[in-house]
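The numbers here are math on the coordinates, done by the rules we state, and not lab data. A quick note: this is a predicted structure, and the numbers were derived from the prediction, not measured. Positions of Cβ are backbone-derived with ideal geometry, glycine not excepted, and every protein chain shown enters the neighbour counts.
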Amino acid sequence: MKSLKKLLALSAAAAVLMSMAGCGSKTESGTGDTGSASVSTVSEGKLIWATNAEFEPYEYREGDQVVGIDADISAYIAEQLGLEAQCEDMAFDSIIAAVQSGKADMGIAGMTIEEDRLENVDFSTPYTDAGQVIIVKEDSPIKTPADLAGKTIAVQSGTTGDTYATDNVDGATVDRYSKGAEAVMAVLQNKADAVIIDNRPANAYVEKNPGLIILDEPLTVEQYAIAVKKGNTALLNEINRILAEMEENGKMAEIMAKYLGGNEDLSEAAE
Ligand code: ARG
């Protein structure tokens, strides 16, 4: 089994096929590698990862494929376990339930480690840092977080941006959308005054929509990790082992550079 795993790790063809695995389309395996998994998963031979593919650069659609940092991390983990990565794309606030109920093996969705969530799932070691930021129109009177008081804030439902707006902004009206893009649209259409969303997706939105800016001051410091069913230590240990390996062998930095290249200081991104 060890040598098979090594073989898989060395197989560039397998890596390419795995990284192409996505939602909504069947991928050919071509490697003939079945039954080599060292952990049991929800569906034999597969590693099903639940996500919400509305969150560039972590997960988003390119044609019928889900691509992004989390897609590549999932593909790598699956490959190391001798499994085929299969994506289940769903509403962000359904991911934890999908992991709990055994619909998916893991949730990976730019998901922040949170105390409330720890009651329902276990989290891996963090793989990157993030923070909530404020997006406004260029000419907005909102210049600092304090200016959010009493304003209408658009968020993606069930996210830490939602929690922040709901719990920390005095007198705000919080408008919840199922997609981050819809929250951004609300500001562009003057239905909301600001969006609170994660920093890297915010960059992606602002790049695509002229007239929007991100305020300098981040609101939170967060860490993203992979969620597994509570008590599934067999899978959690393997995920943690592979994440540590990815930090060591440069794979994580390579994935970050692939999706963040040019957009930020990669020494920071790889931390
Ligand atoms: N980091 C935030 C959270 O955990 C937002 C994540 C949203 N992810 C997504 N794929 N839509 O709540």
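Summary table below
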item	result
Solvent-free Debye scattering, log10 I(q)/I(0), computed from the Cα coordinates of the stretch 36-134 at q = 0.12 Å⁻¹	-0.37
Rounded to whole Hz, the Karplus (6.51, -1.76, 1.60) HN-Hα couplings of the stretch 245-260, x for glycine and proline	4, 5, 5, 5, 8, x, 5, 5, 4, 5, 5, 4, 5, 4, 9, 10
Table column - 3J(HN,Hα) (Hz), the stretch 127-135, Karplus curve with 6.51, -1.76, 1.60, x for Gly and Pro	10, 6, 9, 8, x, 7, 10, 10, 9
Segment E114-E247, extension gain: residue separation times 0.36 nm, minus the distance between their alpha carbons	45.6 nm
The stretch 148-271: relative contact order in percent, alpha carbon pairs under 8 Å with at least 6 residues between	18 percent
Relative contact order for the stretch 91-221, counting Cα pairs under 8 Å that sit 6 or more residues apart, in percent	32 percent
Chain lengthening between K46 and K208 when straightened (0.36 nm per residue, less Cα-Cα)	54.8 nm
For T51, T173, T128, order by how many other beta-carbon atoms lie within 10 Å, fewest first	T173, T128, T51
Cut-off under 5 Å, modelled amide H: who pairs with A172 long-range	G150
